[in-house]
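So the structure is just underneath, and the comments pick up after that.
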Amino acid sequence: MAEAEADCALEGADAAHDTSYDFVKQSYLTYAIPATTNIDLEQAFRDVEAGKSVLESIQQRDSLFFDETVEVLLILRMPRSEESTLQAQMKRLVISVEGQIVNTKSAHRDSQPAVETIFKGHVEDVADPFVIVDEEEESDSEDGSSSQNVYAMWKVSMFLCRPRMRLQHPAVVVSASASLKPQVMGEISTGGTGYLQSGVPSSFNLLETFSSDPALNGVKPRLSALRVSRVAPVSRQQDLVAHLRALPQLRIPVYPVIHTRVRLSRPQSVPPQATLIAMLEVDFTPHAECEILLDDITLSTGDGTVQSLNDDEGPDAQMKLPMSCVSHDHVTFLYHIKPHQHEKSPRSFMGSLDVSIAATAQVIPGVCTPRLAMSWETALDFSTPVNPSFNNMAEATGMQRAHKPSQLSIGSNTAVTPLKSPSVLRPDALPSLESSAARAKAAAAVPDLGITMSFIGPSGPVHPGDVFSWTVCVVNRSPEQTARPPRKLALVAVPKRRRNDARPVRPPSTASRRRGEKELADAVADMNVLHALQKSSVTDVTEVVCLSADTRVGPLAPGACHVVELQFLALREGIVGVEAVRVVDLGSQEHVDIRDLPTTIVEPAAA
């Protein structure tokens, strides 16, 4: 009886092993990213065309966007069997999904393309999939018979975040794997419980020979032979995991669609206030080949209040959300940030600003509408100026020096010059905005005289030896309410400098003193040095000579204008000119060099 029971248990184990073997051998895992956003599986597979496989009946995405959440559709093809058998196999099923950002091109020829993992996860409710039954013709059969397969489907959400590496034609690589966990023999023989089944006679006792041992004091040990058959195998559990066949990987190109940046500035007010103006710049890249809707923009901080300065109220408001945008659009939003008032608030304190943006890309309106979500945090500096009136010279003369700022600040981040490049500190910053900011900074370093000048060149032809003139229109654009006196200016033409006249530092003398001679001082300019300079010098012909050595303008009251002429003598043919025209304020001795001057062409003399 016991041997029959053991044989039955072994036959059940072999049957379970055969079922698992057929399941592993005939199952296949594939996956795709559907083009339909928030796809309804029941609706998508309701009317499947005859002759098409399940995967071919789904329209897939050919490109993806950063900052969007995609749904990876996992499809497991299984052989048709009993429902209880499939349920038992799927309870042991483990499906893992991994997403990576891969550069298709390497920055260096000898290096491998960079790879960064952005997602790792597994299917949570693996035992509750969406199941459909489909008939497919067997390619191996000669009579064209068809077999029924069962398809189990799961959806896994994956957020495509921006990697830290530098992007070189990036692509998303999705890979998934499926495996069966090992089944314990006791679960096969006893139905998964830790006890013997009720009503089943026990087998012979393996410890019956120790029942007469006097050392046990009459205790008769008992070990059923059925218990021995439940001993776990010697191999490790990892070795018993059965891996199902699966698609190696899915590679889809990914592009950044939106670049964002936040600029913070402090308004000039008297008395100074600890308020900030935030400029949120949203730029749409050339990869945005469809319409993009800006759905929501939220700026919040726990250290103050944020007020929108945009025209977003009313039916005809241009900045009202949602806003329709296309490729190459650049939109700027303004916000007023005011810190909370405290009884004993410090003069310098920091805060944080949370920025979140939501947008929708209309790839296929009504079908494929991926939603983009961006959120980040930036620092706020509510430091008030220590001495806002410490530079009063700008009000008196209208000039601003680069080394004398208009105010001082404590705890300002702008006073620290980072050692890293802006592309490393802000990878999402716009290159065009960086260059324009650099040009604006360079322009701010030029002194502002409050004067506008226009130069007009000669209208007729100019020949060598002719005297021509430039007409200069000077306008004082200072406000009439200013306390400045009338301006007195001087215009001086600066001739072109010799670019090849670079003289390195030489010793004062190269002469050597003979032995026995008296020690003399070195010459101021040795003859050898003078000879070398004259021999290596390049003859530079003067192109034009200014005949107006010092031209005075003024006194020029606010709002007044004046016209003067600068006369020149042309000495050679070709394109001639001067280095700059220096404008000197005779009251403060400040000066500005104007280099954007008319181009004068001296034509050859008539034969």
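Numbers for the structure displayed
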| quantity | calculated |
| --- | --- |
| Chain lengthening between residue 111 and residue 331 when straightened (0.36 nm per residue, less Cα-Cα) | 75.3 nm |
| Listed residues 562, 531 arranged by accessible area, highest first, probe 1.4 Å | 531, 562 |
| Ranking by accessible area, most exposed first, for 459, 588 with a 1.4 Å probe | 459, 588 |
| Per DSSP, loop GluC sites (Glu not before Pro) in the stretch 276-347 with at most 16 further Cβ within 10 Å | 289, 313, 343 |
| Whole-Hz ³J(HN,Hα) from phi, Karplus 6.51 cos²θ - 1.76 cosθ + 1.60, for the stretch 294-304, glycine and proline x | 7, 7, 8, 9, 10, 10, 9, 8, x, 9, x |
| Gained length - residue 463 relative to residue 167, 0.36 nm times residue gap less alpha-carbon distance | 100.8 nm |
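The values are calculated or read from the model by the stated rules, or taken from the named source; none is laboratory data. Here the structure is a predicted model, which means the values were calculated and not measured. Cβ sites come from the backbone with ideal geometry, for glycine too, and all protein chains shown count toward neighbours. With ligands, DNA and RNA removed, areas are computed over all heavy atoms of the protein, side chains included. Shrake-Rupley method; radii C 1.70, N 1.55, O 1.52, S 1.80 Å.
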